[in-house]
Amino acid sequence: MIPALWLVVALQSPSPPDVTARIDRARVPAGEEVTLTIRARSRSAEPVTVVLPGLTGFTIVGSRDITDVTLDAVGGPIRTLTRELRLRTERPGTLVIDAVRVRQASRDVSTPPLTVTVDSAVTGLATAVSPIARRLIDAAPAPTRNDRVVLSVILPGDSVLVGQQLDVIAAAWFPRDLRDRLTHPPILSLQTAEGAWSYPGAAPTEVTASRQVHGGWMDLFIAHQALFPLAPGRIVIPPATVDYALPLSFSMLRREDRYSLRSDTVPVTVLALPARRRPADDQPVVAQGLALDLRLDPPNGRVGEPIAMTASLSGAGNVALWPEPVIRLPPGFRSYSGETGMRVVPRDGRIAGTKVFHYLVMPDSAGSFLLPEVRYAYYDLAAGDYRAATIGPRALAVAPGLEPHAPRALPPLARGRAAAWADDLARSLVPWGWLVLFVGAPLLAWLWRRRRATAPRAAGATAAPAAPLSRLGQLERAFQAILASHVPDQRARDGDGLARALRAAGVDSAVAEHVKRLRDRLRASRYGPRGLGDAAELSAEVAQVLEVLGADSGRKGRREVTVIALLLLVGLGGTLAGQGQTPSAEALYDAGALRAASDSFAARAAAEPRVPAHWYNLGATLYRAGADGKATAAWVVAADLAPRDPLVRRARDLLPAPDAPSEALLAPGLVTPAEAALVAGAFWLATWAAVAARRRRSVILALALACGGAAGIAAREGLRRARPLAIVLNHASPVRVAPYWGASPAYTVEAGAALLVERRDGSWLEVRRDDGVHGWVLSTEVSRP
């Protein structure tokens, strides 16, 4: 019996994740790259954490994380996490990649170690000293003594521009007789300065240079690091350290003495970029020979079919912090951001590489379009002036879709331009009119009946206004918000595993480590006994990281943004060209120029959003054009403004909801909240008039109940319209299991379907419905009426 119970428990408990780790090549020359691929597959919904081993002898030059969720009819969802690391070999020999550990809840799975054989390169080792470092070493003075180890930090100068590469070299000079006695090569360490972005350089284990000092030979070991200051001011290069060991005897036990030296700190002044001739659209980018490229695949498209767009930046500079280029698409195009890739390739001692931004572009209408010029401004260190990498305008032809919509019936247009009078009246009474209505009626009744009433109590002390946040406080709040969008788990966001969580969320490894250090500095600045570093420097560094993580500092209004978003979804931007007078929207509608008519009706709705006829006419035009989702969104606004209008009610018969749950969510009421509130106000006046006239209690009670019923209807309609509703705009829109583009779709909903929004995560919305639909959609794929 007991073994059977154990078997049942084992079958019900989730199995540990299936983890594999492999390399693409087991033997490579020194200085070349290998790809380490880690894949973890699990049927559990628990998050998966990858713990990387120490990669001694390798340098991480690029990384990519992919999470995929597939649905299995037998076993449920299968979550697959794939992490690819591009590693550059730094020295010849046999390098071992220790076991990779994957944790999921209480389960821990490890992979076998991997071995890479690194041969000597034909043209020199990849760990050889770069030309820049070699020039710095040759120009550095020799040590003054030859009888002891001398450690110093070599810099090209005591000042540097913001964003300019600063090469830091730790130089350890050893007397030759002492160097011959070392049990193993010395270990040199360089720490990253606060307020700077770092890239590890070469740290060869062999002697880099030799010099004769006072008749004795001194051998040099170095460690190299490239820094990029982030803000003007002053940074301090931390002390370098060297550790070495000397044997005490030549016995088999090989006891040894260990020694450690520490250099002095070195201050460096960081200069701001010159303000003269700085362009208005200049970004905080410092580079050399920056090139911008834009590719479309396919070069021309069709309506409703995606076009893969790739923008790449190539040059020398701090590749990790290059911001995304601003690409302005023509009206009628929807853009979805994809993953961002980065590859760092040193060029003559300077940090260089390529950063690639992927997008998916969806055209909504056919025609010939012109992609505007793309301009990427930066400060060129080689030229000492501001430059711009540009891509000229290019033509893009979009053919009609393969399955065009069939012609539809011609709904009649609403000719009126009057706003809903009840809404206008109710709004005009806010707030003093309603206050006079509800306070004045009892007061008049009291005066009429000559009864004494108690004075209303004071509303209470006004809350003291909150102290305004400082610049650093505002940036810290934005920093915490963007961290929450990337790492929803509070414990992972606040613990030591923040860097691993960011890498699992798709953030580059170097960026993730820098974000973790910046979070710790913010905590120390806020909660420590005294602030760490300069507040202006810390604010500039937080602003830089927010740009990298894609923080959105814009704030949007409610109704204005709804109107503008709907106009963008409709595809505004086409102006009517021609001679003579511009025809009216109604004439364009009757002539079949649906796109121009929709533009005109959308402009009217934006100018007069309280007029139901504008929204109804916009929906009628979109309905004829076959844009069912957009037509539904427009007609929902019209129904909220005029729920009993016969044309609006007929529109529901022309375009019913695609499913029963959407029908319940989109069903309009019989009255608007403003109309019900006005009726409640009328009954309120009648109730107190009856009180003043000393009517029977039954009459007063009936009037009071009618007032309460009308007020309840107004509150119910107001709460119903305040629901966070989203209407799907496109046909067969996916509802994904996670808020990222590569996540698998769990459900597919049709155009015009209604969903309830639970929360927002960046550009994604978490939606649900009573029929079980639950997942994530892009905010650009829905309309928020």
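The values are calculated or read from the model by the stated rules, or taken from the named source; none is laboratory data. A quick note: this is a predicted structure, and the numbers were derived from the prediction, not measured. Note: ideal-geometry Cβ built from the backbone for every residue, glycine included; neighbour counts use all protein chains shown. Only protein heavy atoms, including side chains, enter the accessible area calculation; ligands, DNA and RNA are left aside. Shrake-Rupley method; radii C 1.70, N 1.55, O 1.52, S 1.80 Å.
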Can you name the condition, by its number, that D770 falls short on among (1) within 27 Å of P363 (Cβ to Cβ); (2) surrounded by fewer than 21 Cβ atoms within 10 Å (Cβ to Cβ); (3) out of contact with any strand residue (DSSP E or B) (no Cβ under 6 Å at 6 or more places or on another chain); (4) in contact (Cβ under 8 Å) with a residue 40 or more places away in the chain? (1)
Name the single residue, out of those in segment 716-728 being at pLDDT 85 or above and surrounded by 14 or more Cβ atoms within 10 Å (Cβ to Cβ), that is farthest from F333 (Cα to Cα). L725
May I ask you to verify whether G571 is at pLDDT below 70 and surrounded by 16 or more Cβ atoms within 10 Å (Cβ to Cβ)? yes
Odd one out for T340, checked against (1) at pLDDT 90 or above; (2) in contact with an Asp or Glu (Cβ under 8 Å, 6 or more places away or on another chain); (3) among the β-branched types (V, I, T): (1)
Consider Q544 against the criteria (1) open to solvent by 20 Å² or more (accessible area, probe 1.4 Å); (2) at pLDDT below 75: it satisfies all of them except one. Which criterion is unmet? (2)
Exactly one of P229, P185 is in contact with a Gly (Cβ under 9 Å, 6 or more places away or on another chain) and either under 30 Å from L273 (Cβ atoms) or not small (G, A, S) (or both), and that residue is P229
Within segment 624-648, the count of residues that are farther than 22 Å from D590 by Cα, without any contact (Cβ under 8 Å) to a residue 40 or more places away in the chain and in a helix (DSSP H, G or I) comes to 1
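Looking for whichever is within 20 Å of V153 (Cβ to Cβ) and in contact with a Lys or Arg (Cβ under 8 Å, 6 or more places away or on another chain) here; the options are D219, D264. Which one fits?
Values: D264 fails: in contact with a Lys or Arg (Cβ under 8 Å, 6 or more places away or on another chain).
Sole residue among the options that is within 20 Å of V153 (Cβ to Cβ) and in contact with a Lys or Arg (Cβ under 8 Å, 6 or more places away or on another chain): D219.
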Flag for V487 being free of Cβ contacts under 8 Å to residues at least 60 places away in the same chain, aliphatic (A, V, I, L, M), open to solvent by less than 30 Å² (accessible area, probe 1.4 Å) and more than 19 Å from T192 (Cβ to Cβ): yes
Just give me the residues in segment 147-202 being part of a strand (DSSP E or B), in contact with a Leu (Cβ under 8 Å, 6 or more places away or on another chain) and open to solvent by 40 Å² or more (accessible area, probe 1.4 Å), in sequence order. S159
Let me confirm something: among R334, R328, R277, R295, which residue is part of a strand (DSSP E or B) and either over 30 Å from G367 (Cβ atoms) or out of contact with any Asp or Glu (no Cβ under 8 Å at 6 or more places or on another chain) (or both)? R295
The residue that is farthest from E84 (Cα to Cα), considering only those in segment 34-45 that are open to solvent by less than 50 Å² (accessible area, probe 1.4 Å) and at pLDDT below 85, is S44
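Yes/no per residue for (1) under 29 Å from A287 (Cα atoms); (2) among the polar types (S, T, N, Q):
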| position | (1), (2) |
| --- | --- |
| A139 | yes, no |
| N146 | no, yes |
| V149 | no, no |
| P156 | yes, no |
| L161 | yes, no |
Considering only segment 223-231, I want to know if a residue exists there that is within 30 Å of E547 (Cβ to Cβ), polar (S, T, N, Q) and open to solvent by less than 40 Å² (accessible area, probe 1.4 Å). yes
Out of V749, V777, which single residue is within 21 Å of P488 (Cα to Cα), hydrophobic (A, V, I, L, M, F, W, C) and buried (at least 21 other Cβ atoms within 10 Å of the Cβ)? V777
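Confirm whether A677 is buried (at least 17 other Cβ atoms within 10 Å of the Cβ), over 52 Å from the mean Cα position of the chain (by Cα) and in a helix (DSSP H, G or I).
The answer is no for A677.
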Here are some conditions: (1) open to solvent by less than 30 Å² (accessible area, probe 1.4 Å); (2) over 22 Å from E194 (Cα atoms). R255 meets all but one. Which one does it not meet? (1)
Number of positions in segment 637-652 that are within 21 Å of L755 (Cα to Cα) and open to solvent by less than 20 Å² (accessible area, probe 1.4 Å): 6
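Kindly evaluate A512 against the criterion of being at pLDDT 75 or above and surrounded by fewer than 15 Cβ atoms within 10 Å (Cβ to Cβ).
Taking the combined requirement at face value, the residue does not satisfy it.
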